[in-house]
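Chemist: Questions regarding the structure given below will be posed in turn.
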């Protein structure tokens, strides 16, 4: 048996990580049962089964936060109770804003050390999803981190399929999260501007607005967030988009990606879903997750917010804390975003998205590393 801890609550993007991660494990261990547990809950009641497993696998997602233990993974109070190896499989970090300052100042809490020590010593490598995460771990003394990619990259049905653009008859837009979690009015306005730009740039194609989470009533998101999301969905409908609610619904997200020819997304995993199907996608970076995924694949990214004068880094050198800097000097919306999107689209439509050639080779190369990681589960 293999036990996996997953972070899928309401987002179809998180569900994609889990679906593909478990499929990978079952592909290489077809006779093993996979026990799936919620990572945000203590596992005291499941200790008998956990300790009967080959390993306890922390499966994907941006879990490398300062308080990874017990904040992200409460697990059990005494980690010595876990007798099997604890492994990281494609974990990443999440920094908002993402810049040199936030990277250099990132430090784990003292309480996180027991779990980090187990990840370091329980296997030959700590499996992570991108190079930003590796840099953060190395500067925190973790030197055996190995980039194996996010499990969501590896769609076994289309693995190695080149990214090609057919005729653009259907497109989709996937809004991000900054307008929800950080009450960013400028982010809300920017996403409306992007939808309007796509409507005008592609006047004769069918358009979808794909909402990965926070559209349904549940106990995980406050009403305030749902109201913001509903308002953005209403604006999408006003602009002529067909709204697709993917909250709790991975099938809707995958089905939409199968129907469309191009995606413009703020959401990392809808972007990954498209590329893994061999279809072009453009990702607008909101934080380190987006930048890290584009860097992983060797793709051009588009920054939603900028520090145009390098102010944060200069203040960092002067000794200011990142928290104070973010409060006094919040990042500003990128005024060149629409121009950058237009320039990129014009060139790629002319060449058939030739700059995406070779992404399938990148995915295959890292898949070999993921395969090696899975095969070497103790």
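The values are calculated or read from the model by the stated rules, or taken from the named source; none is laboratory data. Just so it is clear, the structure is predicted and the values come from calculations on it, not from any experiment. As a convention, Cβ positions derive from the backbone with ideal geometry for all residues, glycine included, and neighbour counts pool all protein chains shown.
Chemist: If the requirement is being at pLDDT 95 or above and either within 18 Å of residue 269 (Cβ to Cβ) or surrounded by fewer than 21 Cβ atoms within 10 Å (Cβ to Cβ) (or both), which of these qualifies: 42, 62?
Modeler: Working: 62 fails: at pLDDT 95 or above.
After ruling out the rest, the residue left standing is 42.
Chemist: Something else: In the list 159, 137, which residue meets the criterion of being at pLDDT below 95 and farther than 30 Å from residue 239 by Cβ? Before the answer, list the steps.
Modeler: Working: 137 fails: at pLDDT below 95.
Being at pLDDT below 95 and farther than 30 Å from residue 239 by Cβ holds for just one of 159, 137, which is 159.
Chemist: Considering only residues that are part of a loop (DSSP other than H, G, I, E, B) and within 24 Å of residue 203 (Cβ to Cβ), look in the stretch 162-182 and name the one that is modelled with the lowest pLDDT. I'd like the intermediate steps shown before the answer.
Modeler: In the first step, residues of the stretch 162-182 are kept if they are part of a loop (DSSP other than H, G, I, E, B); the result is 162-169, 175-177, 182.
If we keep only those that are within 24 Å of residue 203 (Cβ to Cβ) too, we end up with 164-169, 175.
Values: 164: 86, 165: 82, 166: 75, 167: 88, 168: 95, 169: 96, 175: 91.
So the residue we want is 166.
Chemist: I would also like to ask the following. Quick one: in the stretch 21-39, of everything that is assigned to a helix (DSSP H, G or I) and surrounded by 17 or more Cβ atoms within 10 Å (Cβ to Cβ), which residue is nearest to the chain's Cα centre (by Cα)? Talk me through it step by step, then tell me what you get.
Modeler: Keep residues of the stretch 21-39 that are assigned to a helix (DSSP H, G or I), which gives 21-28.
Filter again for surrounded by 17 or more Cβ atoms within 10 Å (Cβ to Cβ), leaving 21-22, 24-25.
Values: 21: 14, 22: 17, 24: 18, 25: 20 Å.
Looking at residues that are assigned to a helix (DSSP H, G or I) and surrounded by 17 or more Cβ atoms within 10 Å (Cβ to Cβ), I get 21.
Chemist: Scan 112, 123 and give me the residue that is in the same structural domain as residue 22 (by TED's automatic domain parsing), buried (at least 20 other Cβ atoms within 10 Å of the Cβ) and in a helix (DSSP H, G or I). Walk me through it before giving the result.
Modeler: Numbers: 123 fails: in a helix (DSSP H, G or I).
From the options 112, 123, the qualifying one is 112.
Chemist: Okay, moving on. Name the residues in the stretch 183-209 that are under 10 Å from residue 240 (Cα atoms) and part of a helix (DSSP H, G or I), would you?
Modeler: 195, 196, 199
Chemist: Then there is this: Restricting attention to the stretch 95-109, and to residues there that are buried (at least 16 other Cβ atoms within 10 Å of the Cβ) and over 21 Å from residue 125 (Cβ atoms), which single residue is modelled with the highest pLDDT?
Modeler: Applying the filter and picking the extreme gives 103.
Chemist: I've got another one for you. Is it the case, given these coordinates, that residue 107 is in contact with a helix residue (DSSP H, G or I) (Cβ under 7 Å, 6 or more places away or on another chain) and closer than 26 Å to residue 144 by Cβ? Steps first, answer last, please.
Modeler: Working: in contact with a helix residue (DSSP H, G or I) (Cβ under 7 Å, 6 or more places away or on another chain): no; closer than 26 Å to residue 144 by Cβ: yes.
The answer is no for residue 107.
Chemist: Something else about it: Can you pull out the residues in the stretch 209-227 that are surrounded by 20 or more Cβ atoms within 10 Å (Cβ to Cβ) and modelled with pLDDT of 65 or more?
Modeler: Listed by number, the residues that qualify are 209, 210, 211, 212, 213.
Chemist: Now for a different question. Quick check on the stretch 81-89. Is at least one of its residues free of Cβ contacts under 8 Å to residues at least 40 places away in the same chain and surrounded by fewer than 17 Cβ atoms within 10 Å (Cβ to Cβ)?
Modeler: Yes, the stretch 81-89 contains at least one residue that is free of Cβ contacts under 8 Å to residues at least 40 places away in the same chain and surrounded by fewer than 17 Cβ atoms within 10 Å (Cβ to Cβ).
Chemist: Something else: Got at least one residue in the stretch 41-50 being closer than 26 Å to residue 272 by Cβ, outside the structural domain of residue 267 (by TED's automatic domain parsing), over 24 Å from the mean Cα position of the chain (by Cα) and without any contact (Cβ under 8 Å) to a residue 60 or more places away in the chain? Before the answer, list the steps.
Modeler: From the stretch 41-50, those closer than 26 Å to residue 272 by Cβ are none; that's our starting set.
No - not one qualifying residue is present in the stretch 41-50.
Chemist: Within the stretch 291-303, can you find the residues that are surrounded by fewer than 24 Cβ atoms within 10 Å (Cβ to Cβ) and within 11 Å of the chain's Cα centre (by Cα)?
Modeler: 291, 294
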